[in-house]
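The values are calculated or read from the model by the stated rules, or taken from the named source; none is laboratory data. Keep in mind the model is a prediction, meaning the values are calculated, not measured. Cβ atoms come from the backbone with ideal geometry, glycine included; neighbour counts cover every protein chain shown. The area values use the complete protein model at the heavy-atom level, side chains included, leaving out ligands, DNA and RNA. Shrake-Rupley method; radii C 1.70, N 1.55, O 1.52, S 1.80 Å.
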Amino acid sequence: MEENKEMHRREFIEAAAMLAAGGAALVCPAAGRRIGVADVDERVRRTARLRRLDNYLGGVDTLRLYEAELRATMAMFNTTSFSQSTAKALLSLLAEQAQLAGWAAFDAGENAHANTMFAMSRSIAMQADDVQLAANAMALSAYLRASLGQPDIATAEASRVPMNAGASQGVQALLLERLAFTYAVAGQERQAIAALDAALDSVAQSGTDVAPDWAAWVDHDEIQIMTGRVWAELRRPLRAIPELEGALERFDDTYARDKALYSTWLAEAYLDAGEVERAAILLDRSRRLCRGVASPRPAIRIATVRRRIAPHEALSASGDIPE
């Protein structure tokens, strides 16, 4: 546990230093210059480092930085010359960066902009013949809609990559868990659990291949958290609570936005179990965790669950219902 905290601390320091000292986009190569895969790889590594900022900062803080990086890569694509293989690598990077900007827009509450970025990402990924990124663009779009309580089953199901399409197990797990969430919001329990089981199988096999950086964070803890969220959405608190509590116990407070968000599903599960006071305590903890985080999503979730708690306020022994 102490090793994990130290790792998170170092990662945070590195990410913060990059934002403060190296946040400006890389200078685009001179117009007309011929570039190669090594030039693209440099930007791929930089994009991976920038992605780490999302672990600690909200979309309000990161969106413009991610968009600047996307514009710089677009400038490279439009003003330099390269081989066909380098062109495909650049297009894949553009698709990845558009998704990163779209995620930040979603996290910042700019949902229409996020959808535009996801659609752009899918179009670019298809030009690059990048099946994984094209699928993830659809999965992100469906996840956004499900998060707004508007599940789009068709888009979510279309994001599922056939097993023979060459997608890594980590990518398969990510797509499947997001599909499960859409099913859960739509109230389709059997389909949601089948998708979660498939995601867990993919994670179990993920050690046999290397996932792209944008999916490398998906592990057993992530699937356990999503499992708890799915059961909470399905109003099955006795299944949701142990999954969420087990995963959140291992979740570092450094990841304040995500821990605050996930704790709201645990609060909702306790409310469905009739434990109003416990739900209120968890909501208050979520509110304190996300204080100062530049993302409206935790506050929206907290307000949503609080509205469910409010009628039960008189039943709470302490009356401690978070504002």
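Summing +1 for each Lys or Arg and -1 for each Asp or Glu, what net charge is found among the other residues whose Cβ lies under 12 Å from the Cβ of ASP272?
Neighbourhood net charge equals +2.
Suppose only helical runs count, i.e. DSSP H with n ≥ 4. What mean residue ellipticity at 222 nm does that imply for the chain under -39500 (n - 2.57) per run, divided by all residues and rounded to the nearest 500 deg cm²/dmol?
Working: 14 runs with 225 residues, N = 323.
Dividing the helical sum by the residues of the chain leaves -23000 deg cm²/dmol.
Can you check what the net charge comes to around ALA199, using other residues whose Cβ is under 14 Å from the Cβ of ALA199 (Lys, Arg +1; Asp, Glu -1)?
Combined, the nearby Lys, Arg, Asp and Glu give -4.
According to the square roots a ≥ b ≥ c of the eigenvalues of the Cα gyration tensor, what is the shape class of the range 192-303, taking rounded for a/c under 1.5, prolate for a/b larger than b/c otherwise, and oblate for the remainder? Provide the component values of the computation, followed by the final result.
Values: a/c = 2.45, a/b = 1.39, b/c = 1.76.
Oblate shape, in that a/c is at least 1.5 and b/c is the bigger or equal ratio.
Roughly how far apart, in whole Å, are the Cα centres of the range 31-71 and the range 220-277?
32 Å
Got a number for carbon plus sulfur as a percent of the range 166-323's accessible area, 1.4 Å probe?
Roughly 49 percent, rounded to a whole number.
Which of rounded, prolate, oblate describes the range 127-255, given a ≥ b ≥ c as roots of the alpha-carbon gyration tensor eigenvalues and a/c under 1.5 marking rounded, otherwise prolate only if a/b is larger than b/c? Mind showing how you got there, number by number?
Details: a/c = 1.78, a/b = 1.24, b/c = 1.43.
It comes out oblate by the Cα gyration axes.
Please give the per residue accessible area of the chain, computed with a probe of 1.4 Å over protein heavy atoms only, in Å².
Here the residues of the chain average 45 Å² of exposed surface.
Mind giving me the nanometre distance, one decimal, between the label points for ALA68 and TRP217, set 7 Å out from Cα along Cα→Cβ?
So the two model labels end up 2.1 nm from each other.
In nm, give the distance between the simple-model label positions of PHE251 and ASP197, each being 7 Å from the Cα along the Cα-to-Cβ direction.
My value for the distance between the label points is 2.6 nm.
Roughly how many Å is it from the Cα centre of the range 174-218 to that of the range 81-96, as a whole number?
28 Å
Using only C-alpha atoms and all pairs of different ones, pull out the Kirkwood radius for the range 66-192 in Å with one decimal.
The Cα-based Kirkwood calculation yields 15.0 Å.
Please turn the phi angles of the range 54-59 into ³J(HN,Hα) values with the Karplus equation 6.51 cos²θ - 1.76 cosθ + 1.60 (θ = phi - 60°), one per residue in order, whole Hz, x for glycine and proline.
So the Karplus estimates, Gly and Pro as x, are 5, 5, 10, 10, x, x Hz.
Shape call for the range 190-242 from the C-alpha gyration tensor, a ≥ b ≥ c root eigenvalues: rounded (a/c under 1.5), prolate (a/b greater than b/c) or oblate?
Because a/c hits 1.5 or more and a/b exceeds b/c, the range 190-242 counts as prolate.
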